[in-house]
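A quick write-up on the structure given underneath.
The values are calculated or read from the model by the stated rules, or taken from the named source; none is laboratory data. Keep in mind the model is a prediction, meaning the values are calculated, not measured. Counting neighbours? That spans all protein chains shown, and the Cβs are built from the backbone with ideal geometry, glycine included.
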Amino acid sequence: MAFNKQTKSFVVATVGSTPITATFAAKFNQTPAFVFFVIANGNAALHNNLVMIAMEILGTRYDYKGPRLALIAILDMMTMALASAGDGAATFMSELGKNGNSHAKWDKICDKFETYCDRGVVALIVSFVGFILLLIISVMSIIKLLKPNRINHASP
């Protein structure tokens, strides 16, 4: 999404037989929701890469129990919440670009900037797949956090 840009020229008027054209550009950074989407997914990727590097470097020397494991689970959930917010904001703006809003008199743009919208859809799909993977990682962290604390309540 961060590299999503398309420029097109449109005929805006005709003087005699000479068409007057104007060039318009659709860029991701023109929409704050798309900027937030890029920042949120960048932070999620950074967090996950740092955790993977830390796990690889520290390996078994680091005790992943108790508060340390809880901290990892909390950070995973915060990352998931941030990614979810970015995905939701970008999905809303994509829907607006595809269909417009007749009540606010906002025209759709995806019929004019097809490549821009297609790339945005691919970015959203990849991001939602990443979100599902974050959800799986968060569930695994919580299960690992709760596993040693299971108490058998069976009476003798």
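When residues of region 81-117 are filtered for being assigned to a helix (DSSP H, G or I) and modelled with pLDDT under 90, how many remain?
Total meeting the criteria: 11.
Please verify whether Gly100 is surrounded by fewer than 19 Cβ atoms within 10 Å (Cβ to Cβ) and in contact with a strand residue (DSSP E or B) (Cβ under 9 Å, 6 or more places away or on another chain), treating the condition exactly as stated.
Numbers: surrounded by fewer than 19 Cβ atoms within 10 Å (Cβ to Cβ): yes; in contact with a strand residue (DSSP E or B) (Cβ under 9 Å, 6 or more places away or on another chain): yes.
Here the answer is yes, as Gly100 does meet what is asked.
Taking region 115-150, which residues are over 23 Å from Met55 (Cβ atoms) and among the β-branched types (Val, Ile, Thr)?
Across region 115-150, the qualifying residues are Thr115, Val121, Val122, Ile125, Val126.
Within region 91-108, can one find any residue that is farther than 13 Å from Leu134 by Cβ and in contact (Cβ under 8 Å) with a residue 60 or more places away in the chain?
Yes, that holds for at least one residue.
Does Lys112 meet the test of being more than 28 Å from Met52 (Cα to Cα), free of Cβ contacts under 8 Å to residues at least 24 places away in the same chain and of a type in the set (D, E, K, R)?
no
Does region 1-49 hold any residues that are part of a helix (DSSP H, G or I) and closer than 11 Å to Tyr116 by Cβ, and which are they? Break it down into steps so the answer makes sense when it comes.
Here is the first cut: in region 1-49, the residues part of a helix (DSSP H, G or I) are 28-30, 32-49.
Listed by number, the residues that qualify are Phe28, Gln30, Phe34.
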